[in-house]
Amino acid sequence: MADIDRRKLILAAGGTALGVGEALAKGRKAKKAERAKRTAEKIFHGGVILTMVDDKPKVDAVAIANRRIIAAGDEATVMPLADGKTQIIDLKGATLLPSFIDAHGHFMNAPQIVKWANVSGVPAGPVTSIADIIKVLQEQAAKQRPKPGDWIIAYGYDVTNLSDGRQITRDDLDPHFPNNPVMLIHSSNHGAVLNSAGFKAVGISAATKTPPGGLILRKKGSEEPEGLIMETAFLPIFANMPKPSEAELLDTFHEAQQIYACAGVTTCQEGATHAPELKLLRKAADEGRLYLDIVSLPLVLEVPTLVREYFPNFQGGPMELPKEAAGSFGHYKNRLKLQGVKVVLDGSPQGKTAFWTKPLLTPGPAGEKDWRGAPLFPPEQVNKAVAELYKSGIQVFTHCNGDAAIDMMIDAARKAGVKADQDSRTVIIHSQFMRPDQLDAYKELGFSPSFFTMHAFFWGDIHVENLGEERAFFLSPMASATAKGLRCSNHCDFSVTPMDPMRMVWTAVTRQSRKGKIIGPAERVSVWQALKALTIEPAWQLREEGQKGTIAEGKLADLVILDGNPMTAPTDKILDIGVIETFKEGESVYKRKAT
Ligand SMILES: [Zn+2]
């Protein structure tokens with residue numbers, strides 16, 4: 001018997017021939033380690049704890065240790081995990097949730113934006129008129145003290161915010177800024193208004209032809225550019241703008257992450273990454289500057305550059321990928337993860353550059369009749385790129401706003417032989433103006449929409465004007481998609497709209513426009529569903545549902561404390577709920593100053 005026991009002990013100690021004493025010591029050590037693992041570093045209790053787990057939505061206490069949640073349940077089971085050193089956090093009635101996950105946005109706008117002027121409309125910014133824009137730019141100039149020729153850049157411009165009822169033009173800007181190029185980036189990030197110095201700096205004049213897929217508004221009765229340029233007329237110009245130095249950008253990474261942390265977000269998305277941006281993100285990660293997780297989606301057009309850089313010996317064609325490419329995706333290194341590749345199929349609905357099957361009720365951006373937008377790339381090119389991505393096993397993210405762009409993606413996936421049971425988790429970013437029949441195709445192909453319900457508030461009234469009620473009311477159809485059994489997240493497309501999770505919840509729940517109209521009453525969802533779309537659903541889309549998105553034993557201690565409970569707050573009070581503190585893997589990354 002003794003011999004058998006001894007053998008068991010040896011086996012338990014890992015199968016090596018240890019002496020009994022050594023094995024016992026090892027056993028004791030393991031027990032101690034186990035006990036330590038079960039000793040909480042922090043315990044949260046005394047408030048509302050929403051787990052975001054459907055069959056156990058609330059618990060009384062949560063214990064965390066070693067970056068993870070070690071217990072979530074009633075106080076009788078959680079409190080005994082405390083020892084003398086445990087920090088007991090009394091929520092004092094506040095609400096604890098899994099921290100929010102940015103389902104789609106543009107992190108790399110943040111390090112720049114912190115240095116730019118905000119010309120967004122109320123409530124995202126201070127602007128209601130052209131005069132307000134001039135005022136904001138003057139304040140920016142006073143702060144920035146630009147030398148002649150230095151750019152003054154602002155973000156969030158949108159004509160629909162202006163009580164003047166017209167676009168701001170170079171003639172509005174020139175008297176105030178004769179010596180500095182000015183660029184007001186459109187809220188869609190797909191265009192900008194320039195002043196005369198700006199046009200001169202980028203080389204656009206009356207002689208410039210409008211490129212296909214682009215827009216250059218001209219002064220009445222002349223070829224002189226008036227101010228606004230969009231899409232292919234703007235994007236290459238923006239790409240070639242003088243950029244802040246690498247060191248300047250890296251220095252703003254803390255401020256940039258705080259935009260997220262103070263909103264309770266601990267996983268950020270860089271949802272259209274250019275090759276140089278990826279380099280900068282990598283550098284920030286390797287220098288230890290990231291304390292939030294960042295997932296990056298390199299743009300498909302950047303793939304050849306990235307392949308050349310990372311796989312210099314690869315001999316394949318321009319849109320082909322080496323077999324090893326997929327291995328670069330799907331795991332964090334110093335808080336940065338390559339998630340998948342982004343394919344952009346159309347533009348923005350509010351800029352009227354999305355691609356629809358049926359014309360708008362209003363003229364196109366340059367006054368065109370029967371305007372239904374246009375795709376950014378011909379279908380053959382899309383089919384080829386999409387097929388290559390699926391073949392390589394890299395997750396596909398596509399930007400589709402209009403139903404015709406969505407049709408193109410459905411077609412491309414069918415041609416590539418995609419089926420729902422392959423679990424490829426293709427994310428259709430925005431899925432903004434779907435048709436009801438396309439929900440079935442999503443089901444068939446395993447597509448998952450990432451909706452953008454902020455549109456109901458920011459542009460809902462405009463969409464009704466442009467598209468009519470039937471089509472506008474089906475924007476971001478979260479209720480219909482959920483009823484079909486699709487998993488859907490919700491995003492703010494930062495910096496297109498502000499990083500404001502409670503406004504995302506409120507827009508998903510009320511779908512109320514600026515004018516107070518309900519943009520599709522049938523598509524309103526419950527607060528619970530709206531919160532899931534910011535937590536467990538995007539975690540699933542990013543294949544991190546085992547790590548994030550709910551409060552459950554074993555998951556990362558990514559948590560947020562709110563000063564109100566969105567589940568019980570009167571609907572209009574949801575917007576007033578603020579973030580008290582945000583934790584990334586148990587460490588506080590934002591704490592509101594006591595007032
Ligand atoms: Zn985006």
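The values are calculated or read from the model by the stated rules, or taken from the named source; none is laboratory data. Note that the coordinates shown come from a computational prediction; the quantities given were computed from them, not determined experimentally. Methodologically, a virtual Cβ is constructed for each residue, glycine included, from the backbone with ideal geometry; neighbour enumeration extends over all protein chains shown. Areas reflect the complete protein model, heavy atoms only, side chains present, ligands, DNA and RNA absent. Shrake-Rupley method; radii C 1.70, N 1.55, O 1.52, S 1.80 Å.
Taken over the range 485-498, residues that are buried (at least 24 other Cβ atoms within 10 Å of the Cβ), of a type in the set (A, V, I, L, M) and closer than 17 Å to residue 542 by Cβ amount to 0.
Can you tell me which residue among 113, 101 is out of contact with any Phe, Trp or Tyr (no Cβ under 7 Å at 6 or more places or on another chain) and within 16 Å of the ligand (Cβ to nearest atom)? Break it down stepwise before answering.
Values: 113 fails: out of contact with any Phe, Trp or Tyr (no Cβ under 7 Å at 6 or more places or on another chain).
The conditions single out 101.
Being touching a Pro at 6+ places or on another chain (Cβ under 8 Å), at pLDDT below 95 and more than 30 Å from residue 292 (Cα to Cα) holds for only one residue in 215, 249, and it is 215. Could you say whether any residue in the range 221-234 is modelled with pLDDT of 95 or more, buried (at least 23 other Cβ atoms within 10 Å of the Cβ), within 16 Å of the ligand (Cβ to nearest atom) and not hydrophobic (A, V, I, L, M, F, W, C)? Scanning the range 221-234, I find no residue that is modelled with pLDDT of 95 or more, buried (at least 23 other Cβ atoms within 10 Å of the Cβ), within 16 Å of the ligand (Cβ to nearest atom) and not hydrophobic (A, V, I, L, M, F, W, C), so the answer is no. In the set (1) modelled with pLDDT of 95 or more; (2) in contact with a Ser or Thr (Cβ under 7 Å, 6 or more places away or on another chain); (3) not in a helix (DSSP H, G or I), the condition left unmet by residue 281 is number (3). Here the range 230-248 is the region considered, the condition is being among the hydrophobic types (A, V, I, L, M, F, W, C) and under 25 Å from the mean Cα position of the chain (by Cα), and the residue that is nearest to residue 283 (Cα to Cα) is 247.
Assigned to a loop (DSSP other than H, G, I, E, B) and over 21 Å from the mean Cα position of the chain (by Cα), is that true of residue 433? Spell out the reasoning first.
Numbers: assigned to a loop (DSSP other than H, G, I, E, B): yes; over 21 Å from the mean Cα position of the chain (by Cα): no.
Answer is no for this residue.
Looking at (1) touching a residue at least 40 places away in the same chain (Cβ under 8 Å); (2) at positive phi, can you tell me which one residue 516 breaks? Exception for residue 516: condition (1).
Hey, which of the strands (runs of 3 or more DSSP E) in the range 504-595, taking only ones fully inside, have at least 1 residues that are open to solvent by less than 10 Å² (accessible area, probe 1.4 Å) and aromatic (Phe, Trp, Tyr)?
Values: elements: 559-562, 579-584, 587-591.
In the range 504-595, 579-584 are the strands (runs of 3 or more DSSP E) which contain 1 or more residues that are open to solvent by less than 10 Å² (accessible area, probe 1.4 Å) and aromatic (Phe, Trp, Tyr).
For the range 178-191, a residue qualifies if it is open to solvent by less than 10 Å² (accessible area, probe 1.4 Å) and away from the ligand (no atom under 16 Å from the Cβ), and the qualifying residues are 181, 182, 183, 184. For residue 93, the criteria (1) open to solvent by less than 10 Å² (accessible area, probe 1.4 Å); (2) modelled with pLDDT of 95 or more hold in every case but one, which is (1).
Can residue 205 be described as at pLDDT 95 or above, open to solvent by 20 Å² or more (accessible area, probe 1.4 Å) and within 22 Å of residue 140 (Cα to Cα)?
For residue 205, the condition - at pLDDT 95 or above, open to solvent by 20 Å² or more (accessible area, probe 1.4 Å) and within 22 Å of residue 140 (Cα to Cα) - is not met.
Across the range 257-279, the number of residues qualifying as away from the ligand (no atom under 16 Å from the Cβ), buried (at least 20 other Cβ atoms within 10 Å of the Cβ) and not β-branched (Val, Ile, Thr) comes to 5.
Scanning the range 376-403 for residues that are away from the ligand (no atom under 16 Å from the Cβ) and touching a Pro at 6+ places or on another chain (Cβ under 7 Å) yields a total of 0. Would you be able to tell me the number of residues in the range 368-391 that are open to solvent by 30 Å² or more (accessible area, probe 1.4 Å) and of a type in the set (Gly, Ala, Ser)? Summing the residues that are open to solvent by 30 Å² or more (accessible area, probe 1.4 Å) and of a type in the set (Gly, Ala, Ser) in the range 368-391 gives 2.
Counting the residues of the range 445-503 that are aromatic (Phe, Trp, Tyr), in contact (Cβ under 8 Å) with a residue 60 or more places away in the chain and assigned to a helix (DSSP H, G or I) gives 1.
Here residue 432 fulfils each of the conditions (1) in contact (Cβ under 8 Å) with a residue 60 or more places away in the chain; (2) surrounded by 22 or more Cβ atoms within 10 Å (Cβ to Cβ); (3) over 21 Å from residue 523 (Cα atoms) apart from (3). Restricting 342, 352 to those that are in contact with a Gly (Cβ under 7 Å, 6 or more places away or on another chain) and within 15 Å of the ligand (Cβ to nearest atom) reduces the list to 342.
Taking first residues from the range 554-582 that are closer than 13 Å to residue 94 by Cβ and partners that are in a strand (DSSP E or B) and small (Gly, Ala, Ser), the Cβ contacts under 9 Å between residues at least 6 apart in sequence or on separate chains come to 561/47; 565/47; 581/588; 582/588.
Identify all residues within the range 125-160 that are surrounded by 22 or more Cβ atoms within 10 Å (Cβ to Cβ) and either within 16 Å of the ligand (Cβ to nearest atom) or part of a loop (DSSP other than H, G, I, E, B) (or both); write none if there are none. Of everything in the range 125-160, those that are surrounded by 22 or more Cβ atoms within 10 Å (Cβ to Cβ) and either within 16 Å of the ligand (Cβ to nearest atom) or part of a loop (DSSP other than H, G, I, E, B) (or both) turn out to be 125, 155, 156, 158.
Does at least one position in the range 68-78 carry a residue that is touching a helix residue (DSSP H, G or I) at 6+ places or on another chain (Cβ under 8 Å), under 23 Å from residue 513 (Cα atoms) and either within 16 Å of the ligand (Cβ to nearest atom) or not small (Gly, Ala, Ser) (or both)? So that I can check it myself, show each step before the final result.
Filtering the range 68-78 down to residues touching a helix residue (DSSP H, G or I) at 6+ places or on another chain (Cβ under 8 Å) leaves 70-72.
Narrowing further to those that are under 23 Å from residue 513 (Cα atoms): none.
There is no residue in the range 68-78 that is touching a helix residue (DSSP H, G or I) at 6+ places or on another chain (Cβ under 8 Å), under 23 Å from residue 513 (Cα atoms) and either within 16 Å of the ligand (Cβ to nearest atom) or not small (Gly, Ala, Ser) (or both).
The set of residues in the range 465-524 that are more than 16 Å from the ligand (Cβ to nearest atom) and among the hydroxyl-bearing types (Ser, Thr, Tyr) comprises 480, 482, 507, 510, 513. The criterion of being loosely packed, with under 15 Cβ neighbours inside 10 Å and modelled with pLDDT under 95 does not hold for residue 115. For residue 380, the conditions (1) among the charged types (D, E, K, R); (2) in a helix (DSSP H, G or I); (3) in contact (Cβ under 8 Å) with a residue 12 or more places away in the chain are fulfilled apart from (3).
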